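The structure appears below as structure tokens.
Just so it is clear, none of the values below were taken in a lab; they were calculated from the coordinates. As the structure is a prediction and not an experimental result, all values here were calculated from the model. Quick reminder, even Gly has a Cβ in these numbers, built from the backbone with ideal geometry, and neighbours come from all protein chains shown.
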Amino acid sequence: MQSFYTSGRLAAVALALLLAGCATSGINRGDFNVVSLEEEWQLGNQTAAEVAKQVRLSRDATLNAYVNRMGQRIVAQTEMANLPWTFHVVEDDAINAFNIPGGHVYVNTGLIRAAGSASELAGVMAHEITHGVSRHGTEQLSKQYGLSTLAGVALGQDPGVVAQIATQVVAGGALAKFSRGAEREADQYGMRYMVGAGYNPNGMVRLFETLKRESGGGGRGIPFFSTHPLTDERIRNAQQQINRMNLPSGLITNDSDFAAVQARAR
Ligand SMILES: [Zn+2]
């Protein structure tokens, strides 16, 4: 464990040096050039196989089809629309959702049940998809494990690390904790993708409010908020962005399938 943390720190220094010359503004848009997209997708598929051993994935075809349809619709609005994305439903009462590298997005049944409408679910999915598009997870892992280790992992040279990453993800560990800037980006771009996909971006704000209310104000007992601090500022920022957007008419707040799908989420 000792050497693990030490190498992580050194890697962070190396990464900082590497990134010093290529600062980006706004969304990353896949120009994070340390681990190739191909390597990221390999790593993601290996990690997803490990995650599948550690959580209980829903086999409900109707539920999975709905979540996949919603996810692909949002992904189609992003810079990574041409890459294969996979959406997973986890049978877990904890209100949570997460993204791992390589276009894998996980939504817990507890979150699906807590969402008040299709657009609220779309809000959290758009947020997680944006983490993937911005490659926040890959960036985080590069810092944690070091660049050469991560590249080796993607090439299948270090299955132990893959299992470790999966365990960390399932436990809601460091991979899920991004910077405030990354979270803001996931909210901002997530809402733009929602609008492009035809969903009312107010769904994201409503979801924050719904969950805040359910948790008695502070997000306590809701894993999603231990990694996503739910501050009034965050809600206000999202609302202000929506107010500035020129929203087209006919955006979806809810759809006719949502209630039936929600009832299947257990
Ligand atoms: Zn987030």
Gain upon complete extension [R113, S179; 0.36 nm per residue less C-alpha separation]: 21.0 nm
Karplus 3J(HN,Hα) series, Hz, for the range 50-63 with 6.51 cos²θ - 1.76 cosθ + 1.60 (x for Gly, Pro): 6, 4, 4, 7, 9, 10, 9, 7, 5, 9, 5, 5, 5, 4
Percent RCO, i.e. relative contact order, over the range 28-125, from Cα pairs under 8 Å lying at least 6 residues apart: 27
Phi to ³J(HN,Hα) by Karplus 6.51 cos²θ - 1.76 cosθ + 1.60 over the range 95-109, Hz, x for Gly, Pro: 7, 7, 8, 7, 10, 10, x, x, x, 9, 10, 10, 10, 6, 4
Two-site FRET efficiency, E233 against L155, from Cβ-Cβ distance with R₀ of 35 Å, rounded to 0.05: 0.25
Amide H within-cut-off set for V90, under 5 Å, with H built and near neighbours excluded: S58, V107, N108, T109
Estimated distance in nm for a label pair at M245 and A52, the labels positioned 7 Å out from Cα along Cα-to-Cβ: 3.4
3J(HN,Hα) from dihedral phi, the range 86-93, Karplus parametrisation 6.51/-1.76/1.60, rounded to Hz, x for glycine, proline: 10, 10, 10, 9, 9, 7, 7, 5
Cα gyration tensor of the range 63-181 - equivalent ellipsoid semi-axes, whole Å, descending: 25, 16, 13
28 Å Cα-Cα reach of K212 towards lysines, excluding residues that sit fewer than 8 places from it in its own chain: K177
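Among the trypsin sites (Lys or Arg not before Pro) within the range 59-93, which fall in a DSSP loop and have no more than 12 other Cβ atoms within 10 Å of their own Cβ? Please list the in-between numbers first.
On the way: sites: R59, R69, R73; in loops: R59.
Qualifying residues, ordered by number: R59.
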